[in-house]
1. Does segment 42-53 include one or more residues that are surrounded by 11 or more Cβ atoms within 10 Å (Cβ to Cβ), closer than 18 Å to Ala9 by Cα and within 16 Å of the chain's Cα centre (by Cα)?
2. Consider segment 13-26. How many of its residues are at pLDDT below 80, exposed (fewer than 11 other Cβ atoms within 10 Å of the Cβ) and of a type outside the set (S, T, N, Q)?
3. Asn29 passes all but one of (1) at pLDDT below 85; (2) surrounded by 16 or more Cβ atoms within 10 Å (Cβ to Cβ); (3) of a type in the set (S, T, N, Q); which number fails?
4. What's the total number of residues in segment 70-107 that are free of Cβ contacts under 8 Å to residues at least 60 places away in the same chain, more than 22 Å from Val20 (Cβ to Cβ) and either in contact with a Ser or Thr (Cβ under 8 Å, 6 or more places away or on another chain) or surrounded by 15 or more Cβ atoms within 10 Å (Cβ to Cβ) (or both)?
5. Give the residues of segment 1-57 that are closer than 30 Å to Arg102 by Cα and among the polar types (S, T, N, Q), sorted by residue number.
6. Do we have Leu100 as under 20 Å from Asn5 (Cβ atoms) and at pLDDT below 90 here?
7. Listed residues Arg106, Arg85, Arg133; which is of a type outside the set (Gly, Ala, Ser) and in contact with a Phe, Trp or Tyr (Cβ under 9 Å, 6 or more places away or on another chain)?
Amino acid sequence: MLQINDHIAIEDWELTEQFVRSSGPGGQNVNKVSTAVELRFEAERSPNLTAQVKTRLRRLAGRRWTKEGAIVLQVEETRSQARNREIARERLADLIRKALERPKRRIATKPTLGSKNRRIKAKKERGEVKALRGRVSRDD
């Protein structure tokens, strides 16, 4: 079981771990031992997450979200299988914690008079610079 916060815990049946060979340098260890972990979390089927949280989680996960509604995290940072497993579980927990936070609603405000004037002034200056780029007349 993966504890997210006081109210939410991810059950073991929702997580699938697969160990694969890691890429990159490492000599014989890389060629022989499957140290990289591929953690799969069935987010869409999870009873512990609300619909809003799942929607935010889908956006945060990005390419890691599959068509089936699962999140796949791949970790091959260390040479230790156990440490990679811990890192993957921690990343998943962080991702879910971020999705649990409700984004603050933006309150629309009007621009101040000063900011409007500064914008107009900057546009006029830019226009003057561009006006100087016209054709040069030749006086022979």
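The values are calculated or read from the model by the stated rules, or taken from the named source; none is laboratory data. Here the structure is a predicted model, which is why all the values come from computation and not from measurement. Every residue, glycine as well, gets a Cβ built from its backbone with ideal geometry; the counts of neighbours run over all protein chains shown.
1. yes
2. Residues of segment 13-26 that are at pLDDT below 80, as a first pass: 23-26.
Imposing the further condition that a residue be exposed (fewer than 11 other Cβ atoms within 10 Å of the Cβ) reduces the set to 23-25.
Imposing the further condition that a residue be of a type outside the set (S, T, N, Q) reduces the set to 24-25.
Count: 2.
3. Exception for Asn29: condition (2).
4. Matching residues across segment 70-107 total 1.
5. Gln3, Asn5, Thr16, Ser46, Asn48, Thr50, Gln52, Thr55, listed by residue number.
6. Working: under 20 Å from Asn5 (Cβ atoms): yes; at pLDDT below 90: yes.
Yes: the conditions hold for Leu100.
7. Arg85
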